[in-house]
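Structure first, then comments.
The values are calculated or read from the model by the stated rules, or taken from the named source; none is laboratory data. The structure displayed is predicted, hence computed values, not measured ones. Positions of Cβ are generated from backbone atoms using ideal geometry, with glycine treated the same way; all protein chains shown enter the neighbour counts.
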């Protein structure tokens, strides 16, 4: 508000004031507006005050005074309210109150905080990268600058033995079988990240043997399939600058399913069972997307005009409508992490909570507010519960509400995406409502029926109630099994013919870089 008097809705405010028992003389007093999330100082007496709540989705309104007591708090419906409690849904408008028993000039402070949490919070997962295991020159330049490893088995010799190699450059990569069989030579090192087609163990650069998750190797031994071979032959990424994986599948599964519980007789860990769901969910053609804000420029946003500003109304509406209003988690590509993340990086998460603090914008009217939004998403880097920390992003922006308490989507020109912080350095690429999913990934040998049969939390488990099998490593289990040329054959190209009937709006970008 620009002055000490109310405009437009003064009659409503005065009617409310009369309703809670003031005298006719008191009813004629001017109601002094107090800015939302702000303060008024050097006040005296017991005159009436008012604060405007712009959103119909509610939040906790707290009014404080440095002297005296806050009394007679009344909502826009004329009913008394308790200070410091949630005002409730569809209760946007003016809230009036008085300060009594003040013995000295006082200051009034208001605070409005909106908290939201989905009925089912997205669970943490691991993104299961597709980068092939590799021997390479040390990234820090501590090697001898030459290829010191000679490929063994079906491994790929990227740089001939003895030739120059730059820091970080791959020298030997795993071949079509997906297993890095080559010993690490002098001056070289190796990089290994757990993947879907791993063996039961991995040998480090110093010869140490590490136990590894082996989701598809175990799956094959449970169901007699060739899923590990297909995955190794068709999905290995050999670009040292890119580390795509299964964050889309893991994020969607974390939103749509109960947190998996492996049947005791399956012999799977929880991480391995989550990996199978991530594989089933990775095909983006099989997810039906509803309400969304998409193709948001990365920014980073800044105070004043920038390309992120017009996306503020829809972004805030998505969070308020679905997480606060419907208690439903959302899918979001939140881009790279600080300090060195890049705007083209893809990090898909399930967003299940937020806390928004509201502040009046001086000179802009009561329906224009600055929001400090803190979103809480799951982590896609959690394996063996070693990194369970959620991703907490901080966004600050100005948004405009309509008289109906909803975000005014036509006021993008009056909005300002001011900044990002916390675990974010860019605006998110998108925020989306997942309506339904058809669980079939690119690997046609991994089926929903089989995975559900392994999962006590999502409809199965009875078939695997006994003693788990003694799993065998790749060289034992696959020694006498036939090998297939999967690429482009019977099981290839699932992404082109999913047949699900679910389609994303054009230009959606969910995975890859």
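Structural remarks
- Residues (assigned to a loop (DSSP other than H, G, I, E, B) and in contact with a helix residue (DSSP H, G or I) (Cβ under 8 Å, 6 or more places away or on another chain)) located in the range 429-446: 438, 439, 440, 441, 442, 443, 444, 445, 446
- Selection within the range 82-110 - surrounded by fewer than 21 Cβ atoms within 10 Å (Cβ to Cβ) and over 35 Å from the mean Cα position of the chain (by Cα): 100, 101, 102, 103, 104, 105, 106, 107
So that you can scan it fast, the table gives a plain yes or no per residue for (1) outside the structural domain of residue 340 (by TED's automatic domain parsing); (2) buried (at least 22 other Cβ atoms within 10 Å of the Cβ); (3) modelled with pLDDT of 95 or more; (4) farther than 23 Å from residue 134 by Cα:
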| residue | (1), (2), (3), (4) |
| --- | --- |
| 237 | no, no, no, no |
| 244 | no, no, no, no |
| 249 | no, yes, yes, yes |
| 262 | no, yes, yes, yes |
| 269 | no, no, yes, yes |
| 277 | no, yes, yes, yes |
| 289 | no, no, yes, yes |
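- The number of residues in the range 201-222 being under 33 Å from the mean Cα position of the chain (by Cα) and surrounded by fewer than 17 Cβ atoms within 10 Å (Cβ to Cβ) comes to 5.
- Looking across 451, 400, one residue alone is touching a strand residue (DSSP E or B) at 6+ places or on another chain (Cβ under 9 Å) and modelled with pLDDT of 95 or more. It is 400.
- Number of the condition not met by residue 372 [criteria: (1) in the same structural domain as residue 337 (by TED's automatic domain parsing); (2) in contact with a strand residue (DSSP E or B) (Cβ under 7 Å, 6 or more places away or on another chain); (3) surrounded by fewer than 19 Cβ atoms within 10 Å (Cβ to Cβ)]: (1)
- Where a residue in the range 462-483 is in a helix (DSSP H, G or I) and its partner, wherever it lies, is loosely packed, with under 15 Cβ neighbours inside 10 Å, with Cβ under 8 Å and at least six apart: 464/264
- The set of residues from the range 317-345 being touching a helix residue (DSSP H, G or I) at 6+ places or on another chain (Cβ under 7 Å) and surrounded by fewer than 24 Cβ atoms within 10 Å (Cβ to Cβ) comprises just one member, 328.
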